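Below: the structure, in structure tokens.
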Amino acid sequence: MESFHKPIKNQKALMKFFVFSSSFFAISLCVSMLLLAKTKLVVDMSSSLQSLLRVSESDPTTTVDHLVFGIASTGTAWNRRKVYTKLWWNRKPYNTMRGCVFVDTLPHAENANNNNDGSLPPLCVSEDTSQFPYTYKNGQRSAIRVARVVKETVALLNHSGVRWYVFGDDDTIFFPQNLVKTLSKYDHRLWYYVGSSSEIYDGAQVFGFGMAFGGGGFAISSSLAHVLAKVLDSCIQRYPHLYGSDSRVYSCITELGVGLTHEPGFHQVDLRGNIFGLLAAHPLTPLLSLHHLDNIDPIFPNMTIIKALQHLYEAAKVDSQRLLQQTVCYDKRLSWTISVSWGYAAQVFHNHLSLPDVVRVQKTFKHWTRGTALADQFTFDTKELHTDPCRRPTIFYLENLSRGEDGIIISNYRKSIQNCSSNVAPEVIRVASSKLELGIKQLLAQRRHCCDVLPSSVSDQMEIAIRECKEDELISMQ
């Protein structure tokens, strides 16, 4: 009997093994399929997200032709301030810029077709806003008209293929090539509100750190702008108590669920006097705009404000993306620290300063509002001018620049301000660089360039070469 039942037992064990193996295989197969599906889903979602976050490769590159500008002015101010717009509007290589200057009334003896040569945008008379309430005490109800520039700019006819709407004031200057390059980081088909805050802490605190200050300029993607234009009038009815136009635009964009994308290249310039410190330590990003030009000193010595700005635009023509980009190197033999803010100024510190100290903004300017409790508080890192003049830098301003046949750009900076007679300094700093061409990845993670102090055959001249840093190179005296 035992020999008879043994095969049966073996057969049952075999069947159990077969069932177990089949079940294990089936479960493994299901798990594998689920994991594969999940992986595919993650990959698909990642790919979709990446395509949403950035403009797809099949899209043509964003150009100035994809931008439309809405500039706020008045009939009384435009004749005086249009010289600022003329600095950047339709300048070579751009001669097809689109947009309008919105005024309350047409300037005296002018009409909307007064700029036939294309050197200025056409004039558009704003719509009546008397039906909108305004209750801010001692404010200006023109803020409602200026806020509606967004709606009226979107409503302009014959503007096809728009990707971005850009807004500013009549005393705002833009750097169009840098603006195009910066906005190309973002997908215009998504809802973007791009701008920057004020330089002064109390201004940002009162109006909101998440608000793009209008004078510094801001950009709205076309997809968001069209929706905002539809709801703007009904939205601003709820905000009669707000002070300015940008507060109204910000509030309505916030109601649509969109936050600010911060681009520090936009500059509100809520400052007065000498803004050298701000420009000489520009953020590591392309310069996009400057504002409040009537309230600052000429940015180059011995020039009018317009001549000084024209001088800056000469540098922008040669290498717009490198403009104001700060590079720091060291003369170890003399223990000097040299800072070059390309296209604007160079500084020689007659001592060793670490890079974090050099890139802090020197407080050469005054606060926008006098006598406030927060008059000394700013929204960026600052440092006081040294009490000892001999510890202050010798300053060199851009004199001229040229590009050689080999593509190397030479910019010369001449000594202008020497705070201490005992400090020996060259008369000219000569800087060699190549044109800066930032790709999208570099814009997203820009790295400061390095420089070298080169031997000079001219006794009163310092030679500097700007270059990309090596992978593990530190910008330091050591």
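For the stretch 385-478, what's the relative contact order in percent, using C-alpha pairs closer than 8 Å and at least 6 residues apart? Present the calculation step by step, with values, prior to reporting the outcome.
Details: 146 pairs, mean separation 21.0, N = 94.
In percent, rounded to a whole number, it is 22.
Net charge near Tyr84: determine it from the other residues with C-beta under 15 Å of the C-beta of Tyr84, scoring Lys and Arg +1 and Asp and Glu -1.
+2
Averaging the inverse of every distinct alpha carbon separation and then flipping it gives the Kirkwood radius. What is it for the stretch 152-292, in angstrom units? Mind showing how you got there, number by number?
On the way: mean 1/r = 0.0639 Å⁻¹.
Result for the stretch 152-292 stands at 15.6 Å.
So, for the stretch 324-467, what is the accessible surface per residue at a probe of 1.4 Å, expressed in square angstrom?
On the way: 7180 Å² over 144 residues.
Dividing the accessible area of the stretch 324-467 by its residue count gives 50 Å².
At a 10 angstrom cut-off on C-beta neighbours, averaged per residue, how do the peptides 249-256, 132-139 rank from highest to lowest? Don't skip to the end; give the middle numbers.
Numbers: 249-256: 20.2, 132-139: 12.1.
Result, highest mean first: 249-256, 132-139.
Which whole-Hz ³J(HN,Hα) couplings does the stretch 388-393 yield from phi under the Karplus relation 6.51 cos²θ - 1.76 cosθ + 1.60, θ = phi - 60°, glycine and proline marked x?
Per residue, the Karplus-derived 3J(HN,Hα) values read 8, x, 6, 9, 8, x Hz.
Tell me the net charge near Val424. Cut-off is 14 Å between Cβ atoms, Val424 excluded, with +1 for each Lys or Arg and -1 for each Asp or Glu. Provide the component values of the computation, followed by the final result.
Details: positive: Arg333, Lys415; negative: Asp331, Glu427, Asp460.
Cβ neighbours under 14 Å give a net charge of -1.
Does the stretch 436-478 classify as rounded, prolate or oblate by the C-alpha gyration tensor (a ≥ b ≥ c root eigenvalues; a/c under 1.5 gives rounded; else a/b over b/c gives prolate, otherwise oblate)? Mind dumping the intermediate values first?
Details: a/c = 4.14, a/b = 1.97, b/c = 2.10.
Judged from the Cα gyration tensor, the stretch 436-478 comes out oblate (a/c at least 1.5, b/c at or above a/b).
Under the classification rounded if a/c is under 1.5, otherwise prolate if a/b is larger than b/c and oblate if not, where does the stretch 153-195 fall, given a ≥ b ≥ c as square roots of the Cα gyration tensor eigenvalues? Each step should come with its number before you reach the end.
Details: a/c = 1.67, a/b = 1.05, b/c = 1.60.
Oblate.
Out of the total accessible area of the stretch 64-268 (probe 1.4 Å, heavy atoms of protein only), what percent is carbon and sulfur? Before the final figure, lay out the partial values.
Details: 4190 of 8090 Å².
Solvent-exposed carbon and sulfur of the stretch 64-268 make up 52 percent of the total.
First obtain the Kirkwood hydrodynamic radius of the stretch 190-271 from its Cα pairs, then insert it into the Stokes-Einstein equation at 20 °C and 1.002 mPa s, and state the resulting D in µm² per second as a whole number.
Values: Rh = 12.8 Å.
It comes out at roughly 167 µm²/s.
Restricted to Cα positions, what overall size does the stretch 273-341 have along the principal axes? Three whole-Å values, descending.
Extents along the principal axes: 42, 24, 19 Å.
If you roll a 1.4 Å probe over the heavy atoms of the protein chains, what accessible area per residue do you get for the stretch 64-268, in Å²? Let's see the in-between values first.
Numbers: 8090 Å² over 205 residues.
For the stretch 64-268, the per-residue accessible area is 39 Å².
Can you give me the Cα centroid spacing of the stretch 64-80 and the stretch 143-207 in angstrom?
Answer, in whole Å: 12.
Counting only other residues whose beta carbon sits under 13 Å from that of Arg98, what net charge do I get with K and R as +1, D and E as -1? Don't skip to the answer; put the middle values down first.
Values: positive: Arg163; negative: Asp65.
Around Arg98, the charge tally is 0.
Taking N as the number of residues in the stretch 64-268, what value does Rg over Cα atoms divided by 2.2 N^0.38 Å take? Mind showing how you got there, number by number?
Values: Rg = 16.0 Å, N = 205, 2.2 N^0.38 = 16.6 Å.
Rounded to two decimals, the normalised Rg is 0.96.
Within the accessible area of the stretch 324-467, what % is carbon and sulfur when the probe is 1.4 Å and the other protein chains stay in place? Please report the intermediate quantities before stating the final value.
Working: 3480 of 7180 Å².
Looking at the stretch 324-467 in its full context, I get 48 percent from C and S.
Given the stretch 324-467, what count of lysine pairs have C-alpha atoms under 24 Å apart, with each pair 8 or more places apart or on different chains? All intermediate terms of the calculation are to be shown ahead of the outcome.
Details: Lys332/Lys415; Lys363/Lys383; Lys363/Lys415; Lys366/Lys383; Lys383/Lys415.
Count of close lysine pairs: 5.
Evaluated at 10 °C with a viscosity of 1.306 mPa s, what Stokes-Einstein diffusion coefficient in µm²/s does the stretch 324-467 have when Rh comes from the Kirkwood expression over alpha-carbon pairs? Don't skip to the end; give the middle numbers.
Working: Rh = 16.7 Å.
Rounded, D is 95 µm²/s.
The values are calculated or read from the model by the stated rules, or taken from the named source; none is laboratory data. All values derive from a computational prediction rather than experimental measurement. When we count neighbours, we look across all protein chains shown, and the Cβ atoms used for this are built from the backbone with ideal geometry, even at glycine. Note: accessible area is taken over every heavy atom of the protein model, side chains too, but ligands, DNA and RNA are not part of it. Shrake-Rupley method; radii C 1.70, N 1.55, O 1.52, S 1.80 Å.
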